[in-house]
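Here's the structure we're looking at; comments come further down.
The values are calculated or read from the model by the stated rules, or taken from the named source; none is laboratory data. All values derive from a computational prediction rather than experimental measurement. A quick note on method: Cβ atoms are made from the backbone with ideal geometry, for glycine too, and the neighbour counts reach across all protein chains shown. Ligands, DNA and RNA are stripped out before the accessible areas are found, and what is left, the full protein with its side chains, is counted by its heavy atoms. Shrake-Rupley method; radii C 1.70, N 1.55, O 1.52, S 1.80 Å.
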Amino acid sequence: PSNPNCHACMMGKMRDHKKFKGAFEASRHPTTFMELVTCDHIVSTTMKALTGATNAFVLKDIMSTLTEFCPMASKNLWDTSTALRYFRGQNTIKCMYSDSSGEIIGACGQLEILHESSRPGVPQSNAVIERTNLDILEGTRTSMKKRRVSRVFLVFAAPHYCFNRNTDHLDIHGAPLPAGSPWFRAHGVEFLGLRLPFGCAVIFIPSDTKPADAPAKWEGSGVAGVFAGYRMKPGYNWDGEFYVWSLKELTAVNLQNDVKHFPPSVRTPHRTKRMVLAPGPLVFPLK
């Protein structure tokens, strides 16, 4: 047995403090939105998404649990600072808790955000964001497998997954969450817009910037499309804009192809404020 008065025992048997579930939350008690935020990079060296992104920056507000997934071309200081500034919007982040990434520390310095580093080499010290990353990866992979689309679509599927998690006010049994959704805890009101699954069939008015997808004069104004997610504003707000692919443009490509085979029209979906579900039961054209 270890003897606290034995020098050899102390040298040979000393252990770190035991890690326990909820230790991070128990030691910090933020009461307002963005009082305490944690973040981490997700890096991929083998995959290039539709927009050219090969990395992502995940941010999570501890009080509300609201989470954002920001695809990025790299994890350098500029991209990290831009994503952090967009997530913050007009709010004030009082403290950022993360690993000792130079890009994150540098971005916090530029934006005058107090930074607290987790312990190097001890992933449990920031288990909150590690669990969040795993949840996003698993949820997004499941969504894309269900829709039978290539992983290059993750730049739209992952933010969409986060949005539906952020606006969900029910638990896994269908009962209302006592504290409301993360959206409610962050903004004070529940999200009242359409909550749709990724890849479902919709009818929308095309963007003026993509005239090739616009219907002819006598064909009507609505176009068959595939739902691609919500366009978020700084501060994680939403002003009613959706991302939608024209079904016509998707039928012209093999959705399992590598990103280099996708035309620009697919890489940049329409932005529209006028969109409705297609009549009848919910369907997923990509399947």
>> Using only the Cα atoms of segment 32-164, what are the Rg and Dmax in Å?
In response: 14.4, 43
> Given the Cα-Cα distance of THR51 and GLU241 and 0.36 nm per residue of separation, how much length would full extension add, in nm?
Replying inline: 66.5 nm
> LEU66's amide H: which non-local residues (gap 5+, or another chain) put their own amide H closer than 5 Å, with H modeled 1.01 Å from N in plane and none for Pro or chain starts?
Replying inline: ASP61
>> Between LEU282 and THR92, what is 0.36 nm times their sequence separation minus the Cα-Cα distance? Round to one decimal in nm.
In response: 64.4 nm
> Using a probe of 1.4 angstrom, how much of the accessible area of segment 128-287 is carbon and sulfur, in percent?
Replying inline: 57 percent
> Under the Karplus relation 6.51 cos²θ - 1.76 cosθ + 1.60, θ = phi - 60°, what is the ordered set of whole-Hz ³J(HN,Hα) values for segment 50-62, x standing for Gly and Pro?
Replying inline: 3, 8, x, 5, 10, 9, 8, 10, 9, 10, 9, 7, 6
>> As I understand it, the dipole of segment 57-180 uses +1 on the Cβ of Lys and Arg and -1 on the Cβ of Asp and Glu, about the Cα centre. Which of GLY106, SER117, VAL58 lies farthest toward its positive end?
In response: VAL58
> For segment 50-99, what is the Kirkwood estimate of the hydrodynamic radius, computed as the reciprocal of the mean inverse distance between distinct Cα atoms, to one decimal in Å?
Replying inline: 11.8 Å
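With N denoting the number of residues in segment 131-287, provide Rg(C-alpha) divided by 2.2 N^0.38 Å, to two decimal places.
On the way: Rg = 16.3 Å, N = 157, 2.2 N^0.38 = 15.0 Å.
It is 1.09.
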>> Which aspartates and glutamates, if any, have their Cα less than 18 Å from the Cα of LYS146, not counting same-chain residues under 8 positions apart?
In response: ASP135, GLU138
> For TRP78 and ARG231, what does the FRET efficiency come to when R0 = 25 Å and r is the distance between their Cβ atoms, rounded to the nearest 0.05?
Replying inline: 0.70
> Peptides 137-143, 278-284, 175-181, 89-95: what's the order by average Cβ count within 10 Å, highest mean first?
Replying inline: 137-143, 89-95, 175-181, 278-284
> What FRET efficiency do you get for THR268 and LYS146 if R0 is 30 Å and r is their Cβ-Cβ distance, rounded to the nearest 0.05?
Replying inline: 0.80
